[in-house]
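J.: Below you will find the structure I want to go over with you.
The values are calculated or read from the model by the stated rules, or taken from the named source; none is laboratory data. Just so we're clear, the structure is a prediction, and the values are computed from it rather than from any experiment. Positions of Cβ are backbone-derived with ideal geometry, glycine not excepted, and every protein chain shown enters the neighbour counts.
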Amino acid sequence: MTIQNNISNVKALIEQAAEECHRSSQDITLLAVSKTKPCEAILDAIEAGQRQFGENYVQEGVEKIQFFAGKADLVWHFIGPLQSNKSRLVAEYFDWFHTLDRAKIAQRLNDQRPSDKAPLNVLIQINISDETSKSGIQLAQLDELAEQVSQMPNLILRGLMTIPAPEINYELQCKAFRQMEQAYKHLQMHYSSVDTLSMGMTDDMAAAIHCGSTLVRIGTAIFGARDYNTSL
Ligand SMILES: *Cc1c(COP(=O)(O)O)cnc(C)c1O
């Protein structure tokens, strides 16, 4: 019940943020980030009409995908850092990959994507706040990586993703997001497949939407705080 209430609250916030900048909330996808949360929590979200889910850990994500296979028509996004030795599972199970940051991983995902599946939807991750602790490429490297991905038949370049440095101040949140918006528009001019700007989490969702986000990744506001010490 709470998860269903949380989802309607988040949807109302999306609606409000969209209205504030004269956008349609139809153009903003809500991705429910279910990492560390059990399948029962996902089931509650499904009952509230949620269909798109984001996972950060390969093994955990694959287990959930297998659990729901044939039970519900869901779309699964991989949003965590990926080691190359785990790329095969992402290529075989997920629909979207948000964290592309090097050509080598793109090549592996392209080679490993099963031929009976649609191409894997790919977002290039930008390290917009230039934090050494975060993955993602610099904007200066974007053109080259985008060009490489666009040549790969089993991948489809859908856009950009970012996790900026956490800021509580709205203006500072917007500063990073506006840079992303510029880069996204630039990319759209070159690739007709680009239609997704993945940015905004529980604490910076409104700013992200004001700056053109088309997909917000929300965990805490839907499923509550995460406990990383409890195994599934
Ligand atoms: C965990 C996570 C989220 C969700 O964050 P919340 O603050 O809980 O909404 C979004 N994006 C990524 C990449 C994450 O790892």
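J.: Show the residue pairs that are 6+ apart or on different chains and have beta-carbon atoms under 8 Å apart, the first residue being within the range 27-41 and within 11 Å of the ligand (Cβ to nearest atom), the second being acidic (Asp, Glu).
T.: From the range 27-41, the pairs are 33/55; 34/55; 35/55; 35/60; 36/60; 36/227.
J.: Okay, next question. Looking only at residues in the range 167-189 that are among the hydrophobic types (A, V, I, L, M, F, W, C) and more than 16 Å from the ligand (Cβ to nearest atom), which one is farthest from residue 145 (Cα to Cα)?
T.: By that ranking, first place goes to 172.
J.: Can you tell me which residue in the range 61-120 is surrounded by the fewest Cβ atoms within 10 Å (Cβ to Cβ), limited to those that are of a type in the set (Val, Ile, Thr) and in contact (Cβ under 8 Å) with a residue 24 or more places away in the chain?
T.: Filtering the range 61-120 for residues that are of a type in the set (Val, Ile, Thr) and in contact (Cβ under 8 Å) with a residue 24 or more places away in the chain, the one surrounded by the fewest Cβ atoms within 10 Å (Cβ to Cβ) comes out as 75.
J.: If residue 214 passes every condition in (1) under 14 Å from the mean Cα position of the chain (by Cα); (2) surrounded by fewer than 17 Cβ atoms within 10 Å (Cβ to Cβ) but one, which one does it miss?
T.: (2)
For every residue, the table says whether it meets (1) of a type in the set (A, V, I, L, M); (2) under 22 Å from residue 179 (Cα atoms).
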| residue | (1), (2) |
| --- | --- |
| 51 | no, no |
| 55 | no, no |
| 74 | yes, no |
| 98 | no, yes |
| 139 | yes, yes |
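J.: Scan the helices (runs of 4 or more DSSP H) fully inside the range 61-172 and keep the ones with 1 or more residues being within 15 Å of the chain's Cα centre (by Cα).
T.: Output list reads 87-93.
J.: Could you look through the range 201-211, keep only residues that are of a type in the set (A, V, I, L, M, F, W, C) and near the ligand (Cβ under 9 Å from one of its atoms), and pick out the one that is surrounded by the most Cβ atoms within 10 Å (Cβ to Cβ)?
T.: Per the stated criteria, the residue is 205.
J.: Could I ask something else about it? State yes or no: is residue 219 within 16 Å of the ligand (Cβ to nearest atom), modelled with pLDDT of 95 or more, more than 20 Å from residue 124 (Cα to Cα) and within 15 Å of the chain's Cα centre (by Cα)?
T.: For residue 219, the condition - within 16 Å of the ligand (Cβ to nearest atom), modelled with pLDDT of 95 or more, more than 20 Å from residue 124 (Cα to Cα) and within 15 Å of the chain's Cα centre (by Cα) - is met.
J.: Are any residues in the range 138-166 surrounded by fewer than 17 Cβ atoms within 10 Å (Cβ to Cβ), of a type in the set (A, V, I, L, M, F, W, C) and within 16 Å of the ligand (Cβ to nearest atom), and if so, which ones?
T.: 165
J.: Can you tell me which residue in the range 190-200 is nearest to residue 149 (Cα to Cα), limited to those that are within 16 Å of the ligand (Cβ to nearest atom) and without any contact (Cβ under 8 Å) to a residue 60 or more places away in the chain?
T.: 197
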